[in-house]
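Have a look at the structure below before the remarks.
The values are calculated or read from the model by the stated rules, or taken from the named source; none is laboratory data. It should be emphasised that the depicted structure is a prediction, and the values quoted were computed from it without experimental measurement. Cβ sites come from the backbone with ideal geometry, for glycine too, and all protein chains shown count toward neighbours. Side chains included, ligands, DNA and RNA excluded: accessible areas come from the protein's heavy atoms. Shrake-Rupley method; radii C 1.70, N 1.55, O 1.52, S 1.80 Å.
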Amino acid sequence: MENEENRTQEQESFGADDYINGLNELRENTVSKDEYNRILEDNRKLADALAKGDYGNNEGEKVEPANLDELRKSLFSPDSQRKTNLQYFTEVLTLRNAVIEQGGKDPFLPYNREYVANEQDAADADRIANVIQECIDYADGDPQVFNVELQRRCGQRKR
(Lines give C-alpha, C1' and ligand atoms only; values in the text may rest on other atoms or scores of the structure.)
Protein backbone atom coordinates (compact mmCIF):
# COMPACT_ATOMS: atom_id res chain seq x y z
CA MET A 1 0.00 0.00 0.00
CA GLU A 2 2.77 2.41 0.88
CA ASN A 3 4.64 1.54 -2.34
CA GLU A 4 1.59 2.50 -4.40
CA GLU A 5 1.33 5.86 -2.62
CA ASN A 6 5.05 6.54 -3.20
CA ARG A 7 4.68 5.75 -6.91
CA THR A 8 1.67 8.04 -7.20
CA GLN A 9 3.54 10.87 -5.52
CA GLU A 10 6.55 10.33 -7.80
CA GLN A 11 4.32 10.41 -10.89
CA GLU A 12 2.58 13.57 -9.74
CA SER A 13 5.88 15.33 -9.08
CA PHE A 14 7.03 14.67 -12.67
CA GLY A 15 5.19 17.50 -14.45
CA ALA A 16 5.23 19.15 -17.85
CA ASP A 17 8.30 21.24 -17.04
CA ASP A 18 10.26 18.11 -16.15
CA TYR A 19 9.17 16.45 -19.37
CA ILE A 20 10.17 19.48 -21.48
CA ASN A 21 13.51 19.77 -19.70
CA GLY A 22 14.16 16.08 -20.33
CA LEU A 23 13.39 16.47 -24.04
CA ASN A 24 15.61 19.54 -24.33
CA GLU A 25 18.42 17.71 -22.59
CA LEU A 26 18.07 14.76 -24.96
CA ARG A 27 18.04 17.02 -28.01
CA GLU A 28 21.09 18.95 -26.87
CA ASN A 29 23.05 15.82 -25.99
CA THR A 30 22.16 13.53 -28.90
CA VAL A 31 22.49 15.73 -31.99
CA SER A 32 25.11 18.35 -32.57
CA LYS A 33 23.74 21.85 -32.83
CA ASP A 34 25.19 22.26 -36.35
CA GLU A 35 23.58 19.05 -37.56
CA TYR A 36 20.26 20.03 -35.99
CA ASN A 37 20.36 23.47 -37.65
CA ARG A 38 21.29 21.88 -41.01
CA ILE A 39 18.29 19.54 -40.76
CA LEU A 40 16.01 22.45 -39.87
CA GLU A 41 17.29 24.39 -42.90
CA ASP A 42 16.76 21.38 -45.19
CA ASN A 43 13.23 20.98 -43.87
CA ARG A 44 12.54 24.68 -44.43
CA LYS A 45 13.78 24.45 -48.03
CA LEU A 46 11.64 21.37 -48.63
CA ALA A 47 8.56 23.06 -47.17
CA ASP A 48 9.17 26.15 -49.33
CA ALA A 49 9.58 24.02 -52.46
CA LEU A 50 6.37 22.14 -51.72
CA ALA A 51 4.47 25.34 -51.01
CA LYS A 52 5.63 27.00 -54.21
CA GLY A 53 5.33 23.86 -56.34
CA ASP A 54 8.99 24.27 -57.28
CA TYR A 55 10.34 20.76 -57.72
CA GLY A 56 13.04 22.06 -60.04
CA ASN A 57 15.97 20.19 -61.40
CA ASN A 58 19.39 20.22 -59.89
CA GLU A 59 21.31 23.33 -60.78
CA GLY A 60 23.21 23.04 -64.03
CA GLU A 61 21.01 20.25 -65.37
CA LYS A 62 18.99 21.06 -68.42
CA VAL A 63 16.20 18.76 -69.37
CA GLU A 64 15.13 18.88 -72.97
CA PRO A 65 11.38 19.02 -73.43
CA ALA A 66 9.91 15.87 -74.88
CA ASN A 67 9.37 15.85 -78.62
CA LEU A 68 5.57 15.68 -78.87
CA ASP A 69 5.65 14.70 -82.54
CA GLU A 70 7.92 11.73 -81.82
CA LEU A 71 5.73 10.64 -78.90
CA ARG A 72 2.60 10.85 -81.05
CA LYS A 73 4.29 9.04 -83.92
CA SER A 74 5.33 6.21 -81.62
CA LEU A 75 1.94 6.00 -79.96
CA PHE A 76 -0.18 6.07 -83.11
CA SER A 77 2.05 4.16 -85.50
CA PRO A 78 0.80 0.94 -87.12
CA ASP A 79 3.27 -0.92 -84.91
CA SER A 80 1.35 0.27 -81.86
CA GLN A 81 -1.15 -2.51 -82.49
CA ARG A 82 1.54 -4.97 -81.42
CA LYS A 83 2.13 -3.23 -78.10
CA THR A 84 0.87 -4.60 -74.83
CA ASN A 85 -1.63 -2.56 -72.86
CA LEU A 86 1.18 -1.81 -70.43
CA GLN A 87 3.37 -0.35 -73.17
CA TYR A 88 0.49 1.54 -74.73
CA PHE A 89 -0.75 3.14 -71.51
CA THR A 90 2.79 4.01 -70.46
CA GLU A 91 3.23 5.91 -73.72
CA VAL A 92 -0.20 7.54 -73.32
CA LEU A 93 0.74 8.90 -69.91
CA THR A 94 4.14 10.01 -71.18
CA LEU A 95 2.47 11.95 -73.99
CA ARG A 96 -0.14 13.43 -71.63
CA ASN A 97 2.51 14.61 -69.17
CA ALA A 98 4.64 16.09 -71.96
CA VAL A 99 1.68 17.99 -73.44
CA ILE A 100 0.75 19.42 -70.04
CA GLU A 101 4.38 20.31 -69.19
CA GLN A 102 4.68 22.21 -72.47
CA GLY A 103 1.55 24.24 -71.75
CA GLY A 104 -0.89 22.28 -73.89
CA LYS A 105 -4.42 21.29 -72.97
CA ASP A 106 -4.77 18.02 -71.07
CA PRO A 107 -5.59 15.35 -73.66
CA PHE A 108 -7.74 13.56 -71.08
CA LEU A 109 -10.18 16.50 -70.97
CA PRO A 110 -13.25 16.49 -73.20
CA TYR A 111 -12.94 18.38 -76.48
CA ASN A 112 -16.07 19.93 -77.92
CA ARG A 113 -16.81 23.41 -79.24
CA GLU A 114 -20.12 23.42 -77.40
CA TYR A 115 -18.71 22.27 -74.05
CA VAL A 116 -16.19 23.94 -71.79
CA ALA A 117 -14.30 21.62 -69.48
CA ASN A 118 -14.72 22.43 -65.80
CA GLU A 119 -12.89 21.63 -62.57
CA GLN A 120 -14.70 18.32 -62.18
CA ASP A 121 -13.53 17.28 -65.64
CA ALA A 122 -9.96 18.15 -64.67
CA ALA A 123 -10.27 16.20 -61.40
CA ASP A 124 -11.66 13.20 -63.31
CA ALA A 125 -8.81 13.38 -65.83
CA ASP A 126 -6.25 13.44 -63.01
CA ARG A 127 -7.99 10.56 -61.24
CA ILE A 128 -7.93 8.45 -64.40
CA ALA A 129 -4.26 9.23 -65.03
CA ASN A 130 -3.44 8.38 -61.41
CA VAL A 131 -5.26 5.03 -61.59
CA ILE A 132 -3.43 4.12 -64.79
CA GLN A 133 -0.09 5.15 -63.26
CA GLU A 134 -0.80 3.11 -60.13
CA CYS A 135 -1.56 0.08 -62.31
CA ILE A 136 1.69 0.60 -64.23
CA ASP A 137 3.65 0.87 -60.99
CA TYR A 138 1.92 -2.16 -59.50
CA ALA A 139 2.59 -4.28 -62.62
CA ASP A 140 6.32 -3.65 -62.32
CA GLY A 141 6.84 -4.45 -66.01
CA ASP A 142 4.48 -7.45 -66.22
CA PRO A 143 1.80 -6.85 -68.89
CA GLN A 144 -0.52 -9.54 -67.53
CA VAL A 145 -0.42 -8.09 -64.03
CA PHE A 146 -1.16 -4.68 -65.54
CA ASN A 147 -4.23 -6.03 -67.37
CA VAL A 148 -5.60 -7.74 -64.29
CA GLU A 149 -5.00 -4.69 -62.08
CA LEU A 150 -6.55 -2.31 -64.61
CA GLN A 151 -9.62 -4.51 -64.94
CA ARG A 152 -9.87 -4.80 -61.16
CA ARG A 153 -9.56 -1.05 -60.66
CA CYS A 154 -12.03 -0.22 -63.43
CA GLY A 155 -14.58 -2.77 -62.26
CA GLN A 156 -14.72 -4.67 -65.54
CA ARG A 157 -15.04 -8.40 -65.46
CA LYS A 158 -14.46 -10.91 -68.23
CA ARG A 159 -17.63 -12.73 -69.25
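Considering Cα pairs under 8 angstrom that are at least six residues apart, work out the relative contact order of segment 97-159 and quote it in whole percent.
17 percent
I'd like to compare 102-114, 140-152: which one has the highest average count of other Cβ atoms within 10 Å, and what's the full order after that?
Per-residue mean Cβ counts within 10 Å order the peptides as 140-152, 102-114.
If I compute solvent accessible area with a 1.4 Å probe over the protein chains, what percent of it on segment 84-159 is carbon and sulfur?
47 percent
Within 10 Å, count the other beta carbons around each residue, average over each peptide in 87-97, 15-25, 118-128, and list them highest first.
So the order, starting with the most tightly packed, is 87-97, 118-128, 15-25.
Over segment 62-159, give the accessible area per residue in Å² for a 1.4 Å probe, as an integer.
The answer is 77 Å² per residue.
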